[in-house]
1. Mind listing just one residue for me: the one in the range 222-235 that is in a helix (DSSP H, G or I) and open to solvent by 40 Å² or more (accessible area, probe 1.4 Å) and, of those, modelled with the highest pLDDT?
2. If you take just the helices (runs of 4 or more DSSP H) that sit entirely in the range 8-77, which of them hold at least 3 residues that are open to solvent by 40 Å² or more (accessible area, probe 1.4 Å) and closer than 18 Å to residue 105 by Cβ?
3. List every residue pair whose Cβ atoms sit under 7 Å apart, with the two residues 6 or more apart in sequence or on different chains, where the first one lies in the range 288-305 and is without any contact (Cβ under 8 Å) to a residue 24 or more places away in the chain and the second, anywhere, is open to solvent by 30 Å² or more (accessible area, probe 1.4 Å).
4. Looking only at the range 166-195, filter to residues that are open to solvent by 40 Å² or more (accessible area, probe 1.4 Å) and aliphatic (A, V, I, L, M); which one of those is modelled with the lowest pLDDT?
5. Could you figure out which of (1) at pLDDT 90 or above; (2) among the aromatic types (Phe, Trp, Tyr); (3) more than 20 Å from residue 224 (Cβ to Cβ) isn't true of residue 305?
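The values are calculated or read from the model by the stated rules, or taken from the named source; none is laboratory data. Just so it is clear, the structure is predicted and the values come from calculations on it, not from any experiment. Heads up, the Cβs are rebuilt from the backbone with ideal geometry, glycines too, and the neighbour counts pull from every protein chain shown. We work out accessible area using only protein heavy atoms, side chains counted, and drop any ligands, DNA or RNA first. Shrake-Rupley method; radii C 1.70, N 1.55, O 1.52, S 1.80 Å.
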Amino acid sequence: MAHHKRRLPVVLADAVLQSLPEGTIVTDATATIRFINKRAAEIFDLNPAESIGQLFEAAIGNHSLNRTIQKIITTGGQCLPEAVPKTLNVTVDGKERYYKAEVSPLVEEEALVGTVLLFTDVTHYERADRIKNQFVATVSHEFRNPLTSIVLAIELLLAGGQPDLRGESLALAQAISDDAERLTRLVGNLLNFSRMEAGEIKMELESVWVAEMVETAIIPLSLQLKAKNIKLKILIPDGLPAVYVDATKATWILTNLVGNAIRYTPEDGEITISACLKEKKVFVSVCDSGPGIHPRYHEKIFEKYTQVKGNGSSGGAGLGLAIAKEIVEAHGGKIWVKSDLNKGACFRFTLPINEQGELPYEE
């Protein structure tokens, strides 16, 4: 007796998709809308019947989502992770709503036949996150003034060669200085992240030499490198084109990555900063000889407030890499890590070059 695959009746399938709480849109392999449920129609203020048969970009008008669909189609379903758009902010029935967008390939008998888009309402989480960020920004700002006074006071004590600061007293004073510096860095990171999430930090793009960025980035870290006797290798090839970036923010990425590398690299270890040109982008790498990072954490460490336990980390709040990721993505690039336990870690990120060939301004 022959066995046949049972297909879900079209009417029943349509009813199931219509009843989903998520907004749902299905396109074919030409990015033409073939199905849209009532929830998705509400989100984008569309007439479902009129939308069927229209190209997605013409009906929805969201360029980011359309690029993702096109990548899925042109790659046969192998969409790159960075192509997935972020949370959508839309107005539904006069109220501001937030939706998480997910785009997936629709495959039948191993052939790509279209795409499926799901829109999940995350308004509650976005609002809670906004309140939390406002609280963090306020508290961090209030911490700044007393911390500045503490740092200045302890620096004056240590620099003044106070006769009473000897032995254990000197060690305690140095410990206070180190902790104050760590707290200052933490407060700065908290403020930077809250400002970025609020969209208050603007990008000021200019042509910059990568070698100059590296030189600026390591200046504040020279004492830490010397204290642990870490060898720093800088491999920037001659002829590398200038990058077109916000110099201050891009340099901060390097400072943060090298600072992390110093923290995890043992005494007499080695850190390498390198760069190369590939596919009209500059790839910058910061590699260390520390304990490494287990592959299961490679994605998670770029999430805010995330730290990997048991790898010798201390201080901070797991914000540095999250901020670095925000800055890199604001430049249209990506950041990732290659590492394994006991084999060191290599952080890489991409920056755009100035394709017009404009050179940095020389004073």
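1. 226
2. 63-74
3. Between residues of the range 288-305 that are without any contact (Cβ under 8 Å) to a residue 24 or more places away in the chain and residues that are open to solvent by 30 Å² or more (accessible area, probe 1.4 Å), the close pairs are 305/317.
4. Here the answer is 186.
5. Among (1) at pLDDT 90 or above; (2) among the aromatic types (Phe, Trp, Tyr); (3) more than 20 Å from residue 224 (Cβ to Cβ), residue 305 violates only (1).
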